[in-house]
Every structure is written in structure tokens, then in C-alpha cells.
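The values are calculated or read from the model by the stated rules, or taken from the named source; none is laboratory data. Since this is a predicted model, take the numbers as computed values, not measurements. Note: ideal-geometry Cβ built from the backbone for every residue, glycine included; neighbour counts use all protein chains shown. When the accessible area is computed, the model is the full protein with side chains, heavy atoms only, and any ligands, DNA or RNA have been set aside. Shrake-Rupley method; radii C 1.70, N 1.55, O 1.52, S 1.80 Å.
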Amino acid sequence: MAPSAPLLTVRGSEGLYLVNGPPHFTESTVFPRESGKNCKAYTFSKDGTLFAWGNGERINVINVTTKELLHSFDLPKAVCLEFSPKNTILATWQPYTTSKDGAAGIPNLQLYDMKTGTCLKSFIQKKMQNWCPSWSEDETLCARNVNNEVHFFENNNFNTIANKLHLKKINDFVLSPGPQPYKVAVYVPGSKGAPSFVRLYQYPNFDGPHAALANKSFFKADKVTMLWNKKATAVLVIASTEVDKTGASYYGEQTLHYIATNGESAVVQLPKNGPIYDVVWNSSSTEFCAVYGFMPAKATIFNLKCDPVFDFGTGPRNAAYYSPHGHILVLAGFGNLRGQMEVWDVKNYKLISKPVASDSTYFAWCPDGEHILTATCAPRLRVNNGYKIWHYTGSVLHKYDVPSNAELWQVSWQPFLDGIFPEKSITYQAVPSDVPSEEPKVATAYRPPALRNKPVTNSKLEARSDKSPDMAPSPAPQNTPRNTVSHSTSGDPEIDKKIKNLKKKLKAIEQLKEQAATGKQLEKNQLEKIQKEKALLQELEDLELGI
């Protein structure tokens, strides 16, 4: 029997509700719409069978298939929820508070048994960042970072710490995915001339000078992001500094490192200078894609030897997303870019489609590997909120625009376990749709205003515009969030300053338009400001594309 289409969860000022996935897009009857603005959090279990949400008074848990209410917990202040991988436990977090007399606050991280509904354990967890304990896939292991140590619990027994990994000032850790044996990557920031380092261990072998499977140290790191591949054979580490001492960028400096569990490590050589916007593993675990360099940014696929396998050329992009099956890759420019997407068949390195999702603040692949969700959400953008469901061939199959007096805060797919949806062969023909197309088609190279309506010459100016993806270099011989949306930077402090000022002016215009929409009478100079919006947007676009 074919699996049902994943549901879509929608949370905003219109309430919390579920929508049936493709091809129907009708409101689901799994639970009645939770109206009002009090829903702060929701989550599905990893297999999509359980759904939990808060309504400002209680946290409710239902079985999605039977629509049965399983539990209801009195937790009005909970703002974070997460299920353990096998649905045994629901973890909840509420902001930590202390009493006025300075006494220690009460535990704010709760772990509830999903069979009995009882609270198994409560912890004090002051920070929202990394609030949730990390479980292994089979739940035999659970880990938490506590006072520079990683504490390990076994078989969901939280009364006994089964093991500790103690290194001075452990800042972060990531447990490996997949089956046993379990591995853990830990990050220790540098201090007093000592470098920062990332180490890989296999549980529970933590002691002794040779206990680490691999070790990589680096001086340029104020923070790191550690990314395991699916097979738990290697970790990619994006090391970032808050300030770029060379003065080339406002946004610090990043380097990309590769560390394998067999002890091998390398710096990934990126052939263009500038920020690293995004790095993603393919689900095959044999290659990864990096998006990097001053705008227009480069995108390159690397193999496990950190050799480039395919170069996509340059373009207005700052994010990359592999499909669940790993056979399609979307390169996109979100945030302060125009929302251009390139959808690639990565087995044949052929461009499938080039849709545009303007003003998008969120992107997610559907678990079926065929559909894409893009959304414009508050508070990132408070106007034009809504979401679209696309087929990867570029057709918009469904769109919902939130009324102008309302906001969309969050939208996401119901998850499914790997293998539920079979991989389908790629089609290049756009699928039919009843939704009229509104977005501009980006087919030609961008030309600055001064050169429009003039014959094309082989000037350097033209050469710097987007390369046609069909003309991308042929692949080298073959030997594989949070949803990263990042600042773009030109590398020229003066241009960055102009970009910042333009965005300030555009934000002020947006606020004036909102005031006008509510019926407020605007002054003459305010109306003149609004009339300049188009010219300012064009100027911003020219600067951001490096023209």
C-alpha cells in the first residue's frame, strides 16, 4: 500500500492546524484547528505517527493515525518540544527562572514517559540552545552537555550517569546517527594560545591519550558547526571567527575541515575567497556540497578525498538542499537575495528547473523527494507571509497567502522514516498545475540598468553575471536545516556599508506601507519615500550581485 502524503503543519496568528499534502491541500481533520495566538511550539515524532503541541495552557499529544489524544500535560510556559527517536519519551523545555531571593530555580527540562504519561526526570537546563538531550537511534544511549562534561545515560535510565566524557571546557558535542557502535564529536574552544580542537570518540572509549579516533585542531575558530554524514564515517566542521582580521569581511572568517573516524583529516580547499554560506552531506555519505565565496557565490560538490567532483559555477545563492534520496540538489539564494533556485539532477549534473521563490525565509524538501515547501514567515518578514508547495520541476501546485492583518510563524512537513517513499526517476518536464505562475522567469544573464536595451558585448561586466548552468564545466572523474540563510558580503567594506544603508531605507519604506495599509494618512515626504522603493531595490540588487 502506498504511503499517504505527508501532512503540513501551519502555525501563525490564525492558529495551529494541519493541511493534507499533495495533491489535495485541504485542511486535515487529525485534530480541530487550535485557534488563537497562544501556540508557541509543536513537534512530530521522527516517524510522523505522534504529534505534540502547546496551546498556552497544556501540551497535548495525539496519535496521528487514530486521532486519539494520548496525553495532556499542564505546561503553560513550555516553548520547546521533542520526541525521542523511538517515541518513548517527550522532552519539554520552558525558560529557566530564579526566585527573587536568589535561590536556585526549579528544573525546567522535563522528560515524560509516553506509555504512562509520568515524568521520568527533570533537569535544570538554563540555555535554550542545545536544550534537548541527544539520543542514539535505538535509544540505548542519551547524552547531555553539563558543566563542560558530556553525561551519558543508558536505556533511558536517567537516575544513573553511565559514563562521562570530561575535557576542559567542552563547548559542544554531536552524537553520530545510525546504528551501533556510537561515536561522538566534541568541540573544545582554544584559550591562551592553545588552539581549538574537534575530537571523535567511540562510546564508551574516552580515557587514555590514544582514546580519540581522530583529532583536528585549528586556531581560527570562535565557534564551530559539526556535521556527521549518515553512515557516521566522517564529520565536516565549519570553523568560524567572529571578526575577519584581514578586514575582507564584516561577517568573520570561515574554514571547512574534514575529519574521518579512521583518523584522516584535511582542510577542504575552497577555490574562491569569502564566507562559507552552507555545507550539506548527500544521504549517500560519499559526497558533500559547499556554497561559498563573495557574491556571486560558487557551489561545488566534493568527494571523501575533499577533491572537487563538480563545479556549478557562480550565482546569487547562499544555501544548498539535497533531496531525501540524494539524487536532486537545490541551490538557492534566500534572505537578502531574490529567491532564485536551481534544481539539479546530481547523477547526470543536468539542470532540471530554475524557479524563483521571492522573499522566502524557509525551505524544506517533502519526505516523498518530489515536492518542495517554501515560506515567508514572521518575524523575519512581517509582510507577504504565506507558503508555496512546488514540484521540483518548477510548478507551483499550491499556495496560501496569509491575510494582510495576520502572520505566519512556522510551517513544516510531517516526517517519515527513510525508505517509506521509494526513489522515483527524475522528470525534466514541468508537471501541470492549476496555480497561475506569478514569479518572473530568470532565463537570461542579469544586465545592469545602464546596459539594458544595448547590444551585448564581451565586456568583463557581462562576464561576471550568472553563468548559464547548462554551460557548467563537465564533471571531473569520480574517485556526499536550520536551513542556513546567511548574510551576503561583497568583500568591499564601502559596498557593504551602502547595502546596509539601502536595507535600512527599504525597511523604513515597508513600515510606511504598513501604516498606509491600516488607513493612516501619510505626509508628502513619506509618500515620496515610498515612490523611491523600486529604484532602491534595483540599486540593492546591483550591489549584491557584484555589478
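Things to note:
- Among residues of segment 94-112 that are farther than 16 Å from Cys80 by Cβ, those with a Cβ under 7 angstrom from a residue that is surrounded by 14 or more Cβ atoms within 10 Å (Cβ to Cβ), sequence gap 6+ or separate chain, pair up as Gly105/Tyr96.
- Residue within segment 297-306 that is in contact with a Gly (Cβ under 8 Å, 6 or more places away or on another chain) and surrounded by 23 or more Cβ atoms within 10 Å (Cβ to Cβ) present: yes
Conditions tested, residue by residue: (1) of a type outside the set (Asp, Glu); (2) within 18 Å of Ser412 (Cβ to Cβ); (3) touching a His at 6+ places or on another chain (Cβ under 7 Å); (4) modelled with pLDDT of 90 or more.
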{"residue": "Leu8", "(1), (2), (3), (4)": "yes, yes, no, yes"}
{"residue": "Ser28", "(1), (2), (3), (4)": "yes, yes, no, yes"}
{"residue": "Phe31", "(1), (2), (3), (4)": "yes, yes, no, no"}
{"residue": "Phe44", "(1), (2), (3), (4)": "yes, yes, no, yes"}
{"residue": "Ile62", "(1), (2), (3), (4)": "yes, yes, no, yes"}
{"residue": "Leu69", "(1), (2), (3), (4)": "yes, no, no, yes"}
{"residue": "Phe73", "(1), (2), (3), (4)": "yes, no, no, yes"}
{"residue": "Tyr96", "(1), (2), (3), (4)": "yes, no, no, no"}
{"residue": "Gly105", "(1), (2), (3), (4)": "yes, no, no, no"}
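- Reported count of residues in segment 491-514, each being closer than 25 Å to Ala297 by Cβ and aliphatic (A, V, I, L, M), is 4.
- Residue ID - modelled with the lowest pLDDT, chosen from residues in segment 281-296 that are open to solvent by less than 30 Å² (accessible area, probe 1.4 Å) and within 20 Å of Ile328 (Cβ to Cβ): Ser285
- Filter pass, Phe158 being outside any strand (DSSP E or B) and either surrounded by 13 or more Cβ atoms within 10 Å (Cβ to Cβ) or among the aromatic types (Phe, Trp, Tyr) (or both): yes
- Residues satisfying the stated conditions in segment 81-103, i.e. of a type in the set (Val, Ile, Thr) and part of a strand (DSSP E or B): Ile89, Thr92
- Condition met for Lys115 (open to solvent by 20 Å² or more (accessible area, probe 1.4 Å) and within 26 Å of the chain's Cα centre (by Cα)): no
- Checklist (1) at pLDDT 95 or above; (2) closer than 24 Å to Pro181 by Cβ; (3) not polar (S, T, N, Q) applied to Glu149, failing item: (1)
- Candidate set: segment 161-190, residues that are assigned to a strand (DSSP E or B) and more than 27 Å from the chain's Cα centre (by Cα); chosen: the one surrounded by the most Cβ atoms within 10 Å (Cβ to Cβ): Leu165
- Among the candidates Gly263, Gly315, the residue that is open to solvent by less than 30 Å² (accessible area, probe 1.4 Å) and modelled with pLDDT under 95 is uniquely Gly315.
- All told, Ser196 meets the bar of being surrounded by 21 or more Cβ atoms within 10 Å (Cβ to Cβ) and modelled with pLDDT under 90.
- Listed by first and then second residue, the pairs with beta-carbon distance under 8 Å, at least 6 apart or on different chains, first residue in segment 35-48 and in a loop (DSSP other than H, G, I, E, B), second buried (at least 19 other Cβ atoms within 10 Å of the Cβ) and among the aromatic types (Phe, Trp, Tyr), are Cys39/Trp53; Ala41/Trp53; Ser45/Phe51; Ser45/Phe83; Lys46/Phe83; Asp47/Phe416; Gly48/Phe416.
- Among the residues of segment 488-504, none qualifies, meaning not one is more than 23 Å from Ile276 (Cβ to Cβ), open to solvent by less than 70 Å² (accessible area, probe 1.4 Å) and at pLDDT below 55.
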